[in-house]
Ligand SMILES: [Zn+2]
């Protein structure tokens, strides 16, 4: 069952319960890597909970710190302007 | 003496010469507080996620430097008064982070190679995904 996630990654991204950072073997999440952070914030700019994204607790903690730093330096929005 | 990372946003209408001039000024500031620049990255002009002092764009500079521990608030105050800077963030680095930062030149090259590979694979992967989607719809 675990191997099925790799074939149609796009479809099952939010339902698969595999930490994407563990899968990439990332020990560190960089706050200026906007490309990596963007999929993990909602349309309104909120952080996607790990219960949805499937991230492990360790990486979710690093992720929140990274997103908050990115927000502070205007790489990511606090809230979406309209 | 600790190591720090300063991320600075300069005014967007700066050309390379003006950026270098501002950078020289910033280096002087850091040296004035007993620090030294270890590494400077120019992230370049980027779109800001929200408006900062009425600017929609900004020129990002990333400086790894050392500084006297007690002088950091003073350095931040100087950043605030330094006209070309519209926003800044100073982060304290521990040994591990510093090591990573100093080695990131090589790592970035590797990452770029990795990105290229990744960029190539989704194109190859999407037809499969579509095929799967079609099957499930049937
Ligand atoms: Zn993880």
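What order do you get for B:59, B:4, B:79, B:50 when you list them from fewest to most C-beta neighbours inside 10 Å? Before the final figure, lay out the partial values.
On the way: B:59 24, B:4 21, B:79 18, B:50 14.
The fewest-first ordering by Cβ neighbours comes to B:50, B:79, B:4, B:59.
Panel order for B:96, B:11, by other beta carbons found within 10 Å of each beta carbon, from fewest to most: B:96, B:11.
At R0 = 30 Å, how high is the FRET efficiency between residue A:27 and residue B:20 if r is their beta carbon distance? Nearest 0.05 is fine. The formula returns an efficiency of 0.30 here.
Got a sec? Which residues in the stretch B:18-37 would a label at residue B:83 touch, if it sits 7 Å along Cα→Cβ and we count backbone N under 16 Å? The answer is B:18-26. Annotation: the residues B:20, B:15, sorted from fewest to most other C-beta atoms within 10 Å of their own C-beta, follow the order B:15, B:20. Peptide A:64-75 is shielded by partner chain Cβ atoms: per residue, an average of 4 of them sit within 10 Å of its Cβ.
Sorted by mean Cβ packing within 10 Å, highest first, what order do the peptides A:39-47, A:59-67 take?
Numbers: A:39-47: 13.3, A:59-67: 18.7.
Per-residue mean Cβ counts within 10 Å order the peptides as A:59-67, A:39-47.
Figure legend: label point modelled 7 angstrom from the Cα of residue B:2 along Cα→Cβ; residues of the stretch B:11-32 with amide N under 18 Å from it are B:30-31. A convex hull fitted around the alpha carbon atoms of the stretch B:2-101 yields 95 Å³ per residue.
Since every read-out is calculated from the coordinates, none of them should be taken as a lab result. Since the model is a prediction, treat every value here as computed from it, not as a measurement. Cβ: placed from backbone, ideal geometry, glycine included. Neighbour counts: every protein chain shown.
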